[in-house]
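Note sheet for the following structure.
The values are calculated or read from the model by the stated rules, or taken from the named source; none is laboratory data. None of these values were measured; they are calculated from a predicted model. Cβ coordinates were reconstructed from backbone atoms using ideal geometry, including for glycine residues, and neighbour counts include every protein chain displayed.
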Amino acid sequence: MKSPYRILLLASAAFAQVAFGQVAVGQVTLNSVRIGAKDTPALAKFYQSAFGMQEVNRINVPAGPEIFVNFGTTADAAKANKSEPIVIMHRDSDDVKDPIPHLILNVTDMAATVTAIKSAGGSMAGDPRPFGNTGMVIGIAIDPAGNRVELIQRP
């Protein structure tokens, strides 16, 4: 039986080939990744504590602030970072039932990252484990708002 992670990765790769295969290179790029939380400022603090991200923008909307975070040791460093940000928008409930949509982050030290996630108020869906014979280790974290975060440590 194939690992659910392998099936998910293969399905994602196939979708990307179909969805973006007809588009000329350079016409489409990733803008950002959006997740939701009932308390967006609290979740932004989790991403700062667990992953070293900083707030780079905030849009105040009636439902609650939409907060953009990116990697950087300071807010200025995060604003200068050319990586795409994570956008945290308000949602009415943190009762997330769908396990498929999730962030995917590369990590260099899985054990240290898991410790930081737990210290910041997140949890793990299980122990990180090797991904086949690739040398990669994959873990699934869950942030305090119920969003899933796949962690990939490459050899």
Item to complete: May I ask you to list pairs of residues, at least six apart or on different chains, whose Cβ atoms are under 7 Å apart, with the first in the range 38-63 being free of Cβ contacts under 8 Å to residues at least 40 places away in the same chain and over 19 Å from ILE117 (Cβ atoms) and the second being assigned to a strand (DSSP E or B) and of a type in the set (S, T, N, Q)?
Response: VAL56/ASN70
Worksheet item: Here is a list of conditions, (1) over 15 Å from the mean Cα position of the chain (by Cα); (2) part of a strand (DSSP E or B); (3) aliphatic (A, V, I, L, M), and ALA111 meets all of them except one; can you say which number that is?
Response: (2)
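Restricting to the range 116-140, count the residues that are small (Gly, Ala, Ser), within 30 Å of SER93 (Cα to Cα) and free of Cβ contacts under 8 Å to residues at least 60 places away in the same chain.
4
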Item to complete: Quickly run through the range 78-102 and pick out the residues that are more than 9 Å from GLY36 (Cβ to Cβ) and surrounded by 17 or more Cβ atoms within 10 Å (Cβ to Cβ).
Response: ALA78, PRO85, ILE86, VAL87, HIS102
Worksheet entry | From THR113, THR40, residue being of a type in the set (S, T, N, Q), modelled with pLDDT of 95 or more, surrounded by 18 or more Cβ atoms within 10 Å (Cβ to Cβ) and within 14 Å of ALA145 (Cβ to Cβ) | THR40
Worksheet, complete the sentence: Selection from the range 41-86 of residues in a helix (DSSP H, G or I) and hydroxyl-bearing (Ser, Thr, Tyr) yields TYR47, SER49
Fill in: Residues of the range 1-37 that turn out to be among the β-branched types (Val, Ile, Thr) and modelled with pLDDT under 55, as a count
3
Worksheet item: Hey, ILE100 hits all of (1) in contact with a Phe, Trp or Tyr (Cβ under 9 Å, 6 or more places away or on another chain); (2) over 20 Å from SER49 (Cβ atoms); (3) in contact (Cβ under 8 Å) with a residue 60 or more places away in the chain; (4) not acidic (Asp, Glu) but one; which does it fall short on?
Response: (1)
